[in-house]
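Novice: First the structure, then my questions, so here it is.
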Amino acid sequence: MASRQQAGNKLPTMKYRRVDLSSLRKGRRGKHHDLVEGILGELESVKSGSALEIPLAEVNGIGLANLRSAVHRASTSAGLDIETLADEKNFYVWKAAAGNNGSNGI
């Protein structure tokens, strides 16, 4: 039993190096960051009752689901309630009306 305790006290060899948490960026900067930041930046100036029309052909091959997800994720992080809609050619995004939960059911 003594040999079992000694073996249990030995620290395992570390496969990965350790880093201080203070040296890590805490925010997410995905591959669509610049596009999404541009959309949210323009959305800030859009009047109530208007939407941004983003041509899907101009989003560098990003799929609709990925674009919608990235925009929603970023808007949530920014504290901005949005709604979205899409057709075959365009992705539309607008600020949700006050009191709306931002979900349009699509």
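The values are calculated or read from the model by the stated rules, or taken from the named source; none is laboratory data. Bear in mind that the values here come from a model prediction, so they are computed numbers and not experimental data. Don't worry about glycine lacking a Cβ; one is built from the backbone with ideal geometry, like all the others, and counts go over all protein chains shown.
Novice: Of these, 57, 51, which one is surrounded by fewer than 14 Cβ atoms within 10 Å (Cβ to Cβ), within 15 Å of residue 92 (Cα to Cα) and either out of contact with any strand residue (DSSP E or B) (no Cβ under 6 Å at 6 or more places or on another chain) or at pLDDT 90 or above (or both)? Show your work before the answer.
Specialist: Details: 51 fails: surrounded by fewer than 14 Cβ atoms within 10 Å (Cβ to Cβ).
On inspection, the qualifying residue turns out to be 57.
Novice: Can we say residue 73 is on the phi < 0 side of the Ramachandran plot and either surrounded by 17 or more Cβ atoms within 10 Å (Cβ to Cβ) or modelled with pLDDT under 90 (or both)?
Specialist: Working: on the phi < 0 side of the Ramachandran plot: yes; either surrounded by 17 or more Cβ atoms within 10 Å (Cβ to Cβ) or modelled with pLDDT under 90 (or both): no.
No; evaluated as a whole, the condition is false for this residue.
Novice: For the range 14-55, which positions are over 18 Å from the mean Cα position of the chain (by Cα) and either in contact (Cβ under 8 Å) with a residue 24 or more places away in the chain or closer than 19 Å to residue 87 by Cα (or both)?
Specialist: Result: 46, 48, 49, 50, 51, 52, 53, 55.
Novice: Here's a follow-up. Has the range 10-23 got at least one residue that is under 29 Å from residue 63 (Cα atoms) and either modelled with pLDDT under 90 or of a type in the set (A, V, I, L, M) (or both)? Write out each step before concluding.
Specialist: Within the range 10-23, the subset under 29 Å from residue 63 (Cα atoms) is none.
The answer is no, given that none of the residues of the range 10-23 is under 29 Å from residue 63 (Cα atoms) and either modelled with pLDDT under 90 or of a type in the set (A, V, I, L, M) (or both).
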